[in-house]
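So the structure is just underneath, and the comments pick up after that.
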Amino acid sequence: MAISESKKTNPLTNLLKPLLKKAPAEPKLALLEAMQEGKVVGDKEWQKSGKEHSWLHFTRHSPFSKGDMNIIVRGEGHYIYDSKGNQLIDGLSGLFTCNAGHGRPELAAAAQKQMLELDFMPLWSYGHPRAIELAEKLLSIGPEGMNRIFFTTGGTEGVESAWKIAKQYFKMTGKPQKHKVISRMTAYHGTSHGALSITGIPAFKQMFEPLVPSAFRVPNTNYYRAPHEFANEDEFGIWAANRLEEAILFEGPDTVAAFFVEPIQNAGGCFTAPKAYFKRIREICTKYDVILVADETITGYGRTGEWFGSIRYDIQPDMMITAKAITSGAQPLGALFLKEKFFEPFKDGTSTLAHGYTFGGHPVACAVALANLEIFEKENLIDRARTNSPIFRKTLEKLYDLPIVGDVRGDGYFFAVEIVKDKKTKETLSRAESEKLLRGFLNNALLEAGIYCRADDRGDPVIQLAPPLTCGPKEFDQIEAILRKVLIEAWKRLNS
Ligand SMILES: Cc1ncc(COP(=O)(O)O)c(C=O)c1O
């Protein structure tokens, strides 16, 4: 058949014609047009464009049909500023990232210098000076026994990398069945399929199932809601740690590769653990040759009052995941610390870890991380967090006089205030009450009162606080006063 003939008679072309005519018009990109025309744009234009074209992470978009999006335009020190001109104290350090505060000229200068020297080179088959220098710097401040750094761009990739390295390590060292992982109830370890499998929050997983098989959960260290009475927190810690041994035995020690644990569990609301817990899990992991992985995505770089929670609580991990505050948030970067034994099988012959990320260990991010760690040292931010932490705790504990405050817990510059209906019985909010109070009131009320922080109900409802380590007693008082005002109103609404 001649081509011209086929065109004339092709039934598919005829069928598509009306559809093509009805195809929606290209979206009108009003903000871009305004900018191209040299118009000054601001909140109004960002609101319209943000609502029409952006998709925020972990965010319900329905409220934007009636109300505005919160758009943050500037950060300086421990304050951020929104597009309507409001100043907010940054009660969450961005997202547990901006430990040295916002707008640091030293970090901008380091980034600019590095961009002009070597703007990009991947760590695929090549090295570059800043990654090499940063690896040594990290090892110098990390827990004892670490000798290798695998760079990523964030926490999820660190979790993913740790699991994959654990699997390949055991395959190469004669224990090929060891591939399962254990983590804790309500723990958040990230969003990729592997990391999400390790995450312990069912609601985050349901839409993406089936996930990677072989991930199991044990109880966390929620002492406030311990399943029964214990003589003290140490005894509770030993009980919780023994659940790990039980799970390893249930699954078969020959099949379990790793246990992932956060020094302070963020999701659920700042669950600390006594040293006895960490001592016991170290014993159990050693006994069954299970890799102890500390996920310090949040607790790393001073948050607990030491460089790492692993040092503060003497966890002695085999691998340690870090990210977020490594650059104080000014660049995306993660660093997985490893003991040398995991690298040994890769030293000779043809063995390769077939895993990596284009931007893992980006030279600009590494340069910024080096400058950031220098700030920490020059300004003694870690000592500052350790010294001020008891003052922060005491200030927040003043809130105990409010009927809605059930528990104040945490360590370092990382605390949660748990909201309850009844202090005595510890009765928590129902789903509907939590929805009404947290989403319907608290999150916006906190912002309106001048603080950016998080009201969270991934477990029981909590307000989470993790301000920059540059904050001090003056800011603690400011935070307490804002929380007090908002929580008094929250109590009224809960009982109305
Ligand atoms: C303990 C923990 N692990 C992993 C992650 C995931 O990190 P990212 O969002 O950088 O991928 C987070 C994020 O908050 C975290 O808190």
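Read the figures in this text as sums done on the coordinates, not as results from a lab. Just so it is clear, the structure is predicted and the values come from calculations on it, not from any experiment. Backbone-built Cβ (ideal geometry, glycine too); neighbour counts: all protein chains shown.
Side notes on the structure shown:
- Residues that are surrounded by fewer than 16 Cβ atoms within 10 Å (Cβ to Cβ) and not in a helix (DSSP H, G or I), drawn from the range 236-287: GLY252
- The one condition in (1) touching a residue at least 60 places away in the same chain (Cβ under 8 Å); (2) closer than 25 Å to GLU427 by Cβ that THR221 fails to fulfil: (1)
- Failed criterion for SER192 (all others in (1) within 22 Å of MET320 (Cβ to Cβ); (2) surrounded by fewer than 23 Cβ atoms within 10 Å (Cβ to Cβ); (3) in contact with a His (Cβ under 7 Å, 6 or more places away or on another chain); (4) of a type outside the set (Val, Ile, Thr) hold): (3)
- Single residue of the range 146-164 satisfying the filter (within 16 Å of the ligand (Cβ to nearest atom) and aliphatic (A, V, I, L, M)) that is farthest from the chain's Cα centre (by Cα): ALA162
- Every pair of residues 6+ apart whose Cβ atoms lie under 7 Å, when the first sits in the range 265-282 and is under 27 Å from ALA455 (Cβ atoms) while the second is of a type in the set (Asp, Glu): GLY269/GLU418; GLY269/ASP456; GLY269/ASP460; THR272/ASP411
- Looking across the range 186-198 at every residue that is in contact (Cβ under 8 Å) with a residue 40 or more places away in the chain, of a type outside the set (Gly, Ala, Ser) and in a loop (DSSP other than H, G, I, E, B), the one that is farthest from the ligand (Cβ to nearest atom) is identified as THR186.
- Breaking point among (1) within 13 Å of the ligand (Cβ to nearest atom); (2) out of contact with any Ser or Thr (no Cβ under 8 Å at 6 or more places or on another chain); (3) at positive phi, for GLY174: (1)
- Taken over the range 199-218, the residue count meeting the criterion of being away from the ligand (no atom under 12 Å from the Cβ), out of contact with any Leu (no Cβ under 9 Å at 6 or more places or on another chain) and in a loop (DSSP other than H, G, I, E, B) is 4.
- Positions within the range 444-496 being among the hydroxyl-bearing types (Ser, Thr, Tyr) and within 15 Å of PRO403 (Cβ to Cβ), in sequence order: SER496
- Some residue of the range 250-264 being within 16 Å of the ligand (Cβ to nearest atom), in contact with a strand residue (DSSP E or B) (Cβ under 6 Å, 6 or more places away or on another chain) and charged (D, E, K, R): yes
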